[in-house]
Each structure stands twice: as C-alpha cells, then as structure tokens.
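Note sheet for the following structure.
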Amino acid sequence: MEFKHISVLLEESVNYLRPEEGGIYADGTLGGGGHSYRILSRSKTSRLIGIDRDIEAINAARERLKEFGSRVTYVNRNFCEIKSILEDEGVEKLDGAVIDLGVSSYQLDNAERGFSYMHDAPLDMRMDRRSVKSAYEVVNNYSAEELTKIFYEYGEEKWSKRIAEFIADRRKDKPIETTFELVDIIKAAVPKGARMDGGHPAKRVFQAIRIEVNGELRILEQAIRDFAGVIKPGGRLAVITFHSLEDRIVKKTFASLAEGCICPKSFPVCVCGRKPEIKVLTRKPVLPSMEELEVNSRSKSAKLRAAEII
C-alpha cells in the first residue's frame, strides 16, 4: 500500500518556524515528509533531521525528499530521544523543530496495522513494529480495572467501566484477536441510545488503546522540554495536536516554560532566579482554515501551538 498522508496546518506551522539559510531543523514526526519538504524548500542550504519510529514512514519520506539529497538525515527512532539523536548526529543546537502528533492516513487506512475501527485486522496499533506491546496485549492481558482507567483517561469514554467488563467477560472464552471483534464488544457494551451520539462508538476506545500501546502521552511533556532545550535562542518549536489530552499537555508545558519568577508576591526581590525559557507565540491555538477542512476532513480536530526559545 502506498504511504499517503496529508500534512495538517502545513503553511501555518512552517511560517512559524521561519526556515533560514544554513539552519538545522528537526521534524520529530516525519510521516510522509510533508512538513519536511516545505521546510527544505524554503531555503537552499538548510539541513533537516527527519525522525519517525515507523520505518514505513521513513522509507516513504526518503522517496519524497530524495531531491534534497544529503541535506536530509533519516532517524528511525522516537522523537522523545531528541537529545541523544542530536548527540549521535554531532549537532549541538537546532534552529527549529516541528512535531505533528497525528496518526498518518497510511496508518489508519492500512488495515493490517490495526489502528482503525473501520477495517478488520489483527489488533496491533504499534507505530514502531519493533515494540513488544501491541493492542492485542493490552486488550487481552490488562485487568478490567486497568482497561477502565485507560479508556477513561486516554479516551474520555463515558462507558469505560462497562466496556472493560464486557471485554474481560468475552476473553474468558478465547482471546480477542481482531479490530472487528473488539468493535462488536464495544457496540454491545454501549447502550443503544448512547451509540446514536458522538460518532462511531469505538472511536474513543481505539484512541485510548493506541495511546497506551505507543506511550504517546507519557513522553510528551518531557519531549517538549527537551526540544526547547536543544533549540537555539530565537529558534522556534511548533507542535500540532489532534485531541484535547495532547493539547492540554502542550498548553501547560508551554505555560510552565514561559513562566519567570515564582517567588511569593510578598517578596521584595526575586530569590528563585527563575527566568522564562520560551515566549509563547500562539495565545490561542491555530486551527485549520475552512479551505483545509474541505480538502482534508481529518484535520478538523487539529490545533497548532508555537513558541520561540529565549
């Protein structure tokens, strides 16, 4: 299957980065290479480090970005490892970076990857196929209590406990092996009236399992702090999120990094010595335009936040 992915908030995010000649930039989630292509096209001498834990994304980006030759370095790792990645590449500081936290259209549409509740496939959902933990393990080995917690916290699923109980009961007979088996269980667990609202009844549970399998939220805050620490003063970081949990983490982390003195107001002078590390450039998140929504309906939940390193 051809690797296809439409980059969301492409112009907006690259405009915030302001790629310059001779700069070194990182695309923390390379995907199909859309953001990287635009960054490299903005200047003739910039260099880009493209990072993705999905080897199929790396291979697709190699083809798309081949015209830029040695200006691109491909790294099949997790963007949360940015510090050691730069150390391995002999790069001290970046001039900017973009992180797009969305799941690619290829991953969703390629049935065998098991990300989608719309295709029947083995339960997988691993972005990095070298990883041991898959959706199969989560669904079949986690306790009902653990599943309830994951569905509620990562999926904000109202029927978390009931769905988890139905899963635990069904797997007593045999393991739950496919996405459609899981979808059927979720549909049975969610009352008919509730299934009429809010889109597909399995959407939130699949999101929650994917986040758990790939550790997406656990790494996010520290990864943002690490990126802020490896970008030069005046350089910029752009982060694109696709659901409220991610956006909340980005917003709070940016706010924390932008905070200066935290001494009590009663202190006559600052004794903490804390200084802001970034300047937040987006008071409110940037949303897709109407034109983009018409072209790519999957962009509807996207939000962009950007910051400049001080």
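The values are calculated or read from the model by the stated rules, or taken from the named source; none is laboratory data. Worth saying up front: this structure is predicted, and the values here are computed from it rather than measured. Counting neighbours? That spans all protein chains shown, and the Cβs are built from the backbone with ideal geometry, glycine included. With ligands, DNA and RNA removed, areas are computed over all heavy atoms of the protein, side chains included. Shrake-Rupley method; radii C 1.70, N 1.55, O 1.52, S 1.80 Å.
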*Does at least one position in the stretch 149-157 carry a residue that is open to solvent by less than 60 Å² (accessible area, probe 1.4 Å), among the aromatic types (Phe, Trp, Tyr), in a helix (DSSP H, G or I) and at negative phi?*
yes
*What's the number of the condition Gly193 fails, among (1) open to solvent by less than 40 Å² (accessible area, probe 1.4 Å); (2) at pLDDT below 95?*
(1)
*Would you tally the residues in the stretch 293-310 being surrounded by fewer than 19 Cβ atoms within 10 Å (Cβ to Cβ) and part of a helix (DSSP H, G or I)?*
5
*Can you tell which of Ala121, Ala135 is closer than 24 Å to Ala164 by Cβ, open to solvent by less than 10 Å² (accessible area, probe 1.4 Å), of a type outside the set (S, T, N, Q) and in contact with a Ser or Thr (Cβ under 6 Å, 6 or more places away or on another chain)?*
Ala121
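I'd like to know if the stretch 91-109 contains one or more residues that are more than 25 Å from Ile39 (Cα to Cα) and open to solvent by 10 Å² or more (accessible area, probe 1.4 Å). Quick ask: steps written out before the conclusion?
Initial filter on the stretch 91-109 (more than 25 Å from Ile39 (Cα to Cα)): 108-109.
Subsequent filtering for residues that are open to solvent by 10 Å² or more (accessible area, probe 1.4 Å) retains 108-109.
Yes.
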_Failed item in (1) part of a helix (DSSP H, G or I); (2) more than 22 Å from the chain's Cα centre (by Cα); (3) within 25 Å of Gly31 (Cα to Cα), with Tyr136 passing the rest_ = (2)
*Can you tell me which residue within the stretch 21-60, out of those that are closer than 14 Å to Asp128 by Cα and among the hydrophobic types (A, V, I, L, M, F, W, C), is most open to solvent (accessible area, probe 1.4 Å)?*
Ile55
*asked:* Restricting to the stretch 225-279, and then to whatever is among the β-branched types (Val, Ile, Thr) and assigned to a helix (DSSP H, G or I), can you tell me which residue is surrounded by the most Cβ atoms within 10 Å (Cβ to Cβ)?
replied: Val250
*Does at least one position in the stretch 55-76 carry a residue that is at pLDDT 95 or above, touching a strand residue (DSSP E or B) at 6+ places or on another chain (Cβ under 8 Å) and among the hydroxyl-bearing types (Ser, Thr, Tyr)?*
yes
*asked:* Pairs please, first residue from the stretch 186-200 and closer than 24 Å to Ile176 by Cα, second anywhere and open to solvent by less than 50 Å² (accessible area, probe 1.4 Å), Cβ atoms under 6 Å, 6+ apart in sequence or on different chains.
replied: Ile186/Ile163; Ile186/Pro201; Ile186/Ala202; Ile186/Val205; Lys187/Pro201; Ala189/Ile163; Val190/Pro201; Arg195/Pro201
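Taking Ile176 as the residue in question, decide whether it is open to solvent by less than 30 Å² (accessible area, probe 1.4 Å) and either touching a Cys at 6+ places or on another chain (Cβ under 7 Å) or outside any loop (DSSP other than H, G, I, E, B) (or both). Can you show your working first?
Details: open to solvent by less than 30 Å² (accessible area, probe 1.4 Å): yes; either touching a Cys at 6+ places or on another chain (Cβ under 7 Å) or outside any loop (DSSP other than H, G, I, E, B) (or both): no.
Here the answer is no, as Ile176 does not meet what is asked.
Would you check if Arg18 is surrounded by fewer than 19 Cβ atoms within 10 Å (Cβ to Cβ) and either of a type in the set (Val, Ile, Thr) or farther than 29 Å from Pro233 by Cβ (or both)? Walk me through how you get there before you give the answer.
Values: surrounded by fewer than 19 Cβ atoms within 10 Å (Cβ to Cβ): yes; either of a type in the set (Val, Ile, Thr) or farther than 29 Å from Pro233 by Cβ (or both): no.
Here the answer is no, as Arg18 does not meet what is asked.
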*asked:* Here's a check for you: in the stretch 89-108, which residue that is part of a strand (DSSP E or B) and not hydrophobic (A, V, I, L, M, F, W, C) is nearest to Asp128 (Cα to Cα)?
replied: Asp100
*Given the conditions (1) in contact with a Lys or Arg (Cβ under 8 Å, 6 or more places away or on another chain); (2) under 25 Å from Ser134 (Cβ atoms), and given that Leu245 satisfies all but one, which numbered condition is not satisfied?*
(1)
